[in-house]
Amino acid sequence: MYNYVGKSLPRQDGYDKVTGAGVFTHDVRLPDMLHAKVLRSPHAHARILSIDTSEALALEGVRAVVTWENSPRVLFNASDAHTGTMPPNKPVLDQYVFDNVVRYVGDEVAAVAALTPGLAEKACGLIKVEYEVLPAVFDPLEAMEEGAPDVHKTELKNTPVPPFQIAIGNFQEAYESSEYKVDVSMKVPVQKHAQLETNAAVADYRDGRLTVYSTTQSVHPTKQILALIMGMPESKVRVLNPPYVGGAFGVRCGLSAKAEPIAAILSRMANKPVRCVYDREEDFIASDSRHSGYLQAKLGADKDGVFQALEIRGVLNKGAYTSFGVEVVGVMCAMSLAIYRVPNVACHGRTVYTNVQAGGAMRGFGNPQGTAVVEMAVDAMAKKLNMDPKEIRLKNILEAGDPWCLPFMNSSTALAECIEKAAERIKWSEKRNAFKAGKIRRGVGLAVGNHVSNAWPFCVDFDSVYLRLEADGSLQLATGVPDIGQGSGTTLMQVAAEALGSEFETVAITFSDTETTPFDVGSHASRTLYAVGICILEAAKDLKRQVLEYTAAMWGARAEDLTLERGVIRGAGGETPLRELCREAHLLSKEFIAVGRTTPPNAPSWHAHAAEVEVDTETGMVRVVKYVAAHDCGTAVNPQIVEGQIEGGVAMGIGYALREEIVRDEEGVPYNNGYHKYMLATAGDMPEIEAIIVECSDGSGPFGAKGVGESAMVPSAPAILAAVEDAVGVRYGEMPLTPERVLNGLR
């Protein structure tokens with residue numbers, strides 16, 4: 001039994017968030033600060049022939065104007081992928097802050113810094129630009145064809161790197177010899193993060209140093225990118241959250257779109273602080289989105305329903321710039337092939353440049369797309385064999401120790417228990433294949449999946465923390481990972497207090513500031529608690545050793561005979577509060593401090609979701625009425641926070657399945673450019689959600705914990721699509737299930 005781990009302790013940021021006292025980048029105001037606005041391209045693809053900024057510069061109150069002609073000509077990648085990528089590929093650096101070629105509607109043309117936002121906006125309207133409009137392409141399949149416009153010149157038509165491929169066994173031979181075969185396809189949409197706080201940065205360049213307050217979810221990689229762009233030593237660049245981030249979901253892995261470099265360049269030009277805050281439309285049309293695209297899965301099985309062969313093929317819409325386009329297909333392929341025990345597997349994944357906003361990191365990172373089509377194939381196979389979809393999954397899921405395609409061990413799984421619990425709570429046996437008639441029809445669906453607890457293992461991916469005991473015995477933790485709203489500031493403190501044996505109430509945390517914390521790759525890939533927690537364990541072990549050895553010397557005892565728990569040291573010599581020992585040690589010039597640094601391993605997290613839906617066969621409206629999400633996330637360090645993450649992921653998954661989609665007209669102009677046009681699932685759309693925590697401790701994680709943040713997004717859409725099929729007998733191969741698509745399928 002632990003003192004703090006496994007307890008739903010109150011969130012340490014709760015008061016700030018509830019009262020409005022918390023400071024976000026949008027709240028940062030510096031003396032004599034200027035405001036930036038960006039002029040964006042009205043064309044999907046064009047060359048800038050001339051750009052005249054004279055009238056803008058002449059406007060009273062304007063302090064700087066930047067274009068491609070007077071900005072750094074340094075290629076970079078706006079994600080943190082430039083610090084590492086999957087071998088044998090090299091990092092793809094394919095964009096400038098401003099270029100003389102614009103590649104999507106919304107691409108940056110120029111930016112202005114002025115005394116007020118209104119003045120900056122007015123100045124942008126005075127900039128005269130002459131464009132040569134170029135041919136554009138918006139669909140990745142069309143972009144691969146000979147004769148299609150080149151978004152970027154590449155060896156393989158509009159493809160940043162060669163396709164990602166996996167091959168184990170002999171898929172083709174096994175598939176052809178399988179007694180039962182299915183072949184399914186799916187089209188997935190552009191989904192937007194729609195986080196509450198738009199991308200933003202406040203930059204202050206002075207005396208050869210740059211400080212940037214940012215909405216990034218990875219301050220240290222962002223510092224590296226900014227130093228590259230600005231031509232500055234990394235030691236003279238500071239990036240920090242202030243300290244809160246208003247949601248992220250992947251859109252801020254690395255730069256917050258281009259808010260940081262735009263603010264930094266203008267600050268250096270004007271020699272004043274500059275605030276660059278995206279409005280909601282800019283955030284929707286000019287920052288990364290989830291990759292849309294086309295997917296296909298082929299599945300072969302024997303007469304008993306044992307899987308023999310599985311292949312996934314995917315072409316994802318990369319958009320105008322690479323961002324995380326190299327890594328996303330690797331995760332899509334590998335994770336989707338690592339759910340079931342299949343001896344012969346293959347995957348072929350490719351991202352393709354088009355003239356739309358870039359696809360980047362978003363909750364689940366390729367896994368929701370791949371899992372959707374794999375689960376579609378599993379349901380199709382169950383139908384062909386007349387088997388229960390639950391039973392065919394239980395028959396084929398991987399077990400701990402089974403070989404798979406991922407480059408880390410399949411160390412633990414409670415997926416079978418997750419399936420059983422989800423099915424039981426949704427009343428699967430009672431409701432599945434129930435009689436369907438009338439206008440309103442109900443159905444239930446089931447889907448499973450897995451995810452990682454850390455980033456892809458070939459990336460630059462390590463963590464460092466400082467732990468320091470103050471003179472009064474309180475504990476100070478410093479970590480470069482941010483809290484982007486998921487509660488990691490609280491859970492990491494729980495891990496630190498438990499690992500050292502201090503009192504939770506005396507623990508304080510400093511996070512997400514490159515000047516005061518050691519390097520960390522950032523908060524993404526469901527890795528924050530898992531990876532940083534491992535690092536904390538290492539530092540806490542060293543710190544506890546120092547304390548007990550010092551105490552043992554004072555008491556004439558052996559360190560191994562002493563304990564430290566809840567801030568009290570005990571042994572044969574008696575007991576003493578940690579605060580008293582630290583006070584005495586401080587007076588004798590003794591300091592207790594430790595550094596933890598590790599390249600974390602990885603552990604699989606598993607999940608089974610069951611959905612019950614209601615379909616109106618006259619209007620095509622689909623409503624989720626009940627949702628059960630069972631998750632093997634190892635030890636739940638803070639169960640309430642885990643449940644919150646599961647519920648949040650389900651909400652995004654419901655939107656992905658039923659409502660959320662960015663569409664464009666024939667000129668590439670996005671229609672869904674804000675909350676008023678983007679059909680974000682709201683509180684009124686949420687069903688009864690039952691989150692079930694299935695604890696299956698993993699030895700690699702801190703106190704057995706695994707990742708959970710992205711997991712609930714992964715199987716949610718296929719569970720809902722399966723439920724709709726159970727209700728109306730139609731399997732849909734395109735998301736989201738808008739009323740129009742539902743009615744067309746029924747017809």
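The values are calculated or read from the model by the stated rules, or taken from the named source; none is laboratory data. Since the structure is predicted, the reported quantities are computational estimates derived from the model, not experimental observations. FYI the Cβ positions are ideal-geometry reconstructions off the backbone, even for glycines, and counts take in every protein chain you see. Calculation scope for accessible area: heavy atoms of the full protein, side chains included, ligands and nucleic acids excluded. Shrake-Rupley method; radii C 1.70, N 1.55, O 1.52, S 1.80 Å.
Quick rundown of the values:
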read-out	value
Interatomic Cα distance distribution for the range 488-540, bins of 10 angstrom, percent	24, 57, 19
Distance histogram in 5 Å bins (all Cα pairs of the range 552-593, percent per bin)	6, 22, 31, 28, 13, 1
The chain - convex hull of alpha carbons, volume per residue in Å³	162
Under 9 Å, Cβ to Cβ, from Gln357 - net charge with Lys/Arg +1 and Asp/Glu -1	-2
Mean Kyte hydropathy of -0.5 or more with a Cα span along the axis of at least 24 Å, helices from DSSP in the chain	367-385, 533-555, 639-658
Convex hull volume per residue for the range 36-75, taking Cα atoms only, in Å³	111
Formal net charge of residues neighbouring Gly487 (Cβ-Cβ distance under 12 Å; K, R +1; D, E -1)	-1
Hydrodynamic radius (Kirkwood) for the range 122-235, which is based on Cα pairs only, to one decimal in Å	20.9
Accessible area (Å², per residue) of the range 169-320, counting only protein heavy atoms and a probe of 1.4 Å	29
Links that overshoot a 26 Å alpha carbon limit, given the list Lys90/Lys181; Lys236/Lys258; Lys390/Lys626; Lys7/Lys706; Lys298/Lys383	Lys90/Lys181
Paired Rg and Dmax values of the range 190-344, which use every Cα atom, in angstrom	20.6, 74
Residues of the range 171-189 with amide N under 20 Å of the 7 Å Cα→Cβ point at Arg341	171, 174-175, 178-180
Fraction of accessible area attributable to carbon and sulfur, the chain (%, probe 1.4 Å)	50
Value of Rg to Rh for the range 16-64 (Rh from inverse mean 1/r over Cα pairs, i.e. Kirkwood)	1.18
Descending semi-axes in Å of the range 306-424, equivalent ellipsoid built from Cα gyration tensor	29, 16, 14
Volume in Å³ per residue [convex hull over Cα atoms, computed for the range 434-514]	214
Alpha-carbon spread of the range 644-747, three principal axes, descending order, Å	53, 34, 25
Cα-based reach from Lys122 at 18 Å (exclusive), listing aspartates and glutamates while leaving out same-chain residues under 8 positions away	Asp52, Glu55, Glu60, Glu108, Asp279, Glu281, Glu282
Solution diffusion estimate, µm²/s, Stokes-Einstein, the range 92-162, Kirkwood Rh from C-alpha pairs, 4 °C, viscosity 1.567 mPa s	87
Whether the range 597-699 is rounded, prolate or oblate, judged on the alpha carbon gyration tensor where a/c under 1.5 counts as rounded	oblate
With 10 Å bins from 0: P(r) over the range 460-499, alpha-carbon pairs, percent	24, 53, 21, 2
Cα extents of the range 305-371 along the three principal axes, largest first (Å)	43, 20, 15
Those residues of the range 96-132 whose amide nitrogen sits under 20 Å from the label point placed on Ser50, 7 Å along Cα→Cβ	99-102, 109-111, 124-132
Accessible area expressed per residue, the range 403-537, with surrounding protein chains retained (probe 1.4 Å, Å²)	32
Relative contact order %, the chain, counting alpha carbon pairs below 8 Å whose residues are six or more apart	16
